Amino acid sequence: MAHCERKLLVKSGNHRKMALNVLSPWLAPIVWDGTYDLSILDKQHNNTRIGLFVFAVKKYIRFLQLFLESAERYFMVGHKVTYYVFTDKVDEVVKPKIADGRILQLHSVVADQRWQDVSMRRMEILTVYTKKHMPNEIDYLVCADVDMVFNDHVGVEILGDLVATIHPGYFLAEPQHFNYERRPISAAYIPDGEGDFYYMAAFYGGKVDKIYRLSMACKNGIIEDKKKNIEALWQEESHLNRYLVYNKPTKVLSPEYIWDTKLPHGEFIKKKRFIAVHKDHQEVRN
Ligand code: 4GW
Ligand code: MN
C-alpha cells in the first residue's frame, strides 16, 4: 500500500521514480517500511553480531551523547551490538546507559586539522579495524555520521553483504544532477550515463570483509587524488559513490534511513528513522 501511495505521489510532480521502487534494476531490495516482516528477520539474526562505527572528533564530540542514547532506543534493539567510537577526547565521552548484550568501545584517534581530512580519515581507520579487530568481534558493520539521531526503528532489515543509503536530497533527481565527481583526473570519477543512485556517506554498511574492500578502495582513491593535489568534490562520499557504481550494493536503503527535516518531499518518507541534527556550520567549523 505504501508503495502504491508513493507511486501516486510521484505523479503529482515531474520526478524520477527509480528510488521509489522496492527492487533495484540488479534486484537488490530497496528497503522501505512495509517491505519486510521484522519478526522473521529478527529470528534469522538471533545470533548476529553488529558493529556501529562512528567518528566524533573535535567539536563533533557534542553530537555523540544523543547519537548513542538514540541508538540505544532504536538501533538493533534486542541484538548484540558493539559501538566503535573514535574520538580525540576519550575522557570527555559521556557514556550512556547501555543495554545487556551491547558493548561500547572507545578508541583514540588523531584530530586532523582540515575538516576534509577528518571525514576522509574515517576510511583509513576503517581499513585498519575491518582487517584487524572486527573480523573476530562482529559479523556486520554499520558506519554512520555522528551528527544524526535515531528517531524510529532501525533493525536487522538493513543487514546485507553491501548496503548503502540513497541520499535524501537526490532520491527524486535525474542521474545527470547527481553530485558525482565528474573530473576524469580524480579516482572518484564517474562518467555521464553511469551510476544508479546518489548514495550518502552518512550511513552504509555490510559484512566486515566487504567493508574492508570498500574502505581500501576509497582510501586508495583518496591517496591517488592527494598525489595529484586534488580532492574529490565530496571527499570520501565521492569515492564511496564511485565504488558503488562498479560494486553494486546487495541492499539499498531508502531515505527513511537518512532524512533531514529541512528537505522537501518529506511526504514520501513515512518513517524518518535516522535524521540529521541541524548544526550551525560556522560554529562547528574547526
Ligand atoms: C566543517 O568544519 C566540518 S568539521 C565538517 C566535518 C567536520 C567533522 C566531521 C569534525 O570536525 N569531526 C568529526 O568527527 N567529523 C565526522 O565526520 C563526524 O562523524 C561527521 O558526522 C562526519 C562527516 O562530517 P559531516 O557530518 O559534517 O558531513 P555532512 O555535512 O555531510 O553531514
Ligand atoms: Mn553529517
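Here are the numbers for the structure shown:
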| quantity | calculated |
| --- | --- |
| Too-long pairs where the Cα-Cα distance tops 29 Å, listed order kept, from Lys80/Lys271; Lys227/Lys262; Lys131/Lys270; Lys228/Lys279 | Lys227/Lys262; Lys131/Lys270; Lys228/Lys279 |
| Under the Karplus curve 6.51 cos²θ - 1.76 cosθ + 1.60, θ = phi - 60°, whole-Hz ³J(HN,Hα) for the stretch 105-121, x wherever Gly or Pro sits | 9, 10, 10, 8, 9, 6, 9, 6, 5, 7, 5, 4, 6, 4, 5, 6, 4 |
| GNM flexibility winner over the chain from Tyr246, Tyr140, Tyr74 (Cα, springs under 10 Å) | Tyr246 |
| Between the stretch 225-241 and the stretch 92-157, the Cα center-to-center distance that results, in Å | 22 Å |
| Estimated D of the stretch 34-143 in µm² per second, where Rh is the Kirkwood radius over Cα pairs and Stokes-Einstein applies at 10 °C, 1.306 mPa s | 106 µm²/s |
| Solvent-accessible surface (1.4 angstrom probe) belonging to Glu137, in square angstrom, nearest 10 | 70 Å² |
| Amide H contacts of Asp152 (H built 1.01 Å from N, under 5 Å, at least 5 apart or other chain) | none |
| The stretch 178-253 - accessible surface per residue (Å², probe 1.4 Å) | 41 Å² |
| In the stretch 1-62, the chymotrypsin sites (Phe, Trp or Tyr not before Pro) that fall in loop regions by DSSP, at most 13 other Cβ within 10 Å | Trp26 |
| Within the chain, percent of DSSP bridges classed antiparallel, to nearest 5 | 30 percent |
| Antiparallel bridges, percent of DSSP beta bridges restricted to the stretch 136-286 (to nearest 5) | 70 percent |
| Solution diffusion estimate, µm²/s, Stokes-Einstein, the stretch 109-196, Kirkwood Rh from C-alpha pairs, 25 °C, viscosity 0.890 mPa s | 149 µm²/s |
| Candidates His79, His45, His133: whichever shows maximal mean-square fluctuation once the chain is modelled as a Gaussian network with Cα springs under 10 Å | His133 |
| Helical mean residue ellipticity (222 nm; -39500 (n - 2.57) per DSSP H run of 4+; nearest 500) of the chain | -9000 deg cm²/dmol |
| Long-range amide H partners of Tyr83 with built H, under 5 Å | Leu52, Ile103, Leu104, Gln105 |
| Cα gyration tensor of the chain - equivalent ellipsoid semi-axes, whole Å, descending | 27, 25, 19 |
| Linear extension gain, Leu9 paired with Gln113, 0.36 nm per residue minus alpha-carbon span | 33.0 nm |
| Amide H contacts under 5 Å for Trp259, placed H, 5+ residues apart | Phe274, Ile275, Ala276 |
| Contact order normalised by residue count of the chain, Cα under 8 Å, 6+ apart, percent | 23 percent |
| Taking the convex hull of Cα positions in the stretch 121-265, its mean projected area over all directions (nm²) | 8.9 nm² |
| Accessible area (Å², 1.4 Å probe, nearest 10) - Ile103 | 90 Å² |
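The values are calculated or read from the model by the stated rules, or taken from the named source; none is laboratory data. All values derive from a computational prediction rather than experimental measurement. When we count neighbours, we look across all protein chains shown, and the Cβ atoms used for this are built from the backbone with ideal geometry, even at glycine. Ligands, DNA and RNA are stripped out before the accessible areas are found, and what is left, the full protein with its side chains, is counted by its heavy atoms. Shrake-Rupley method; radii C 1.70, N 1.55, O 1.52, S 1.80 Å.
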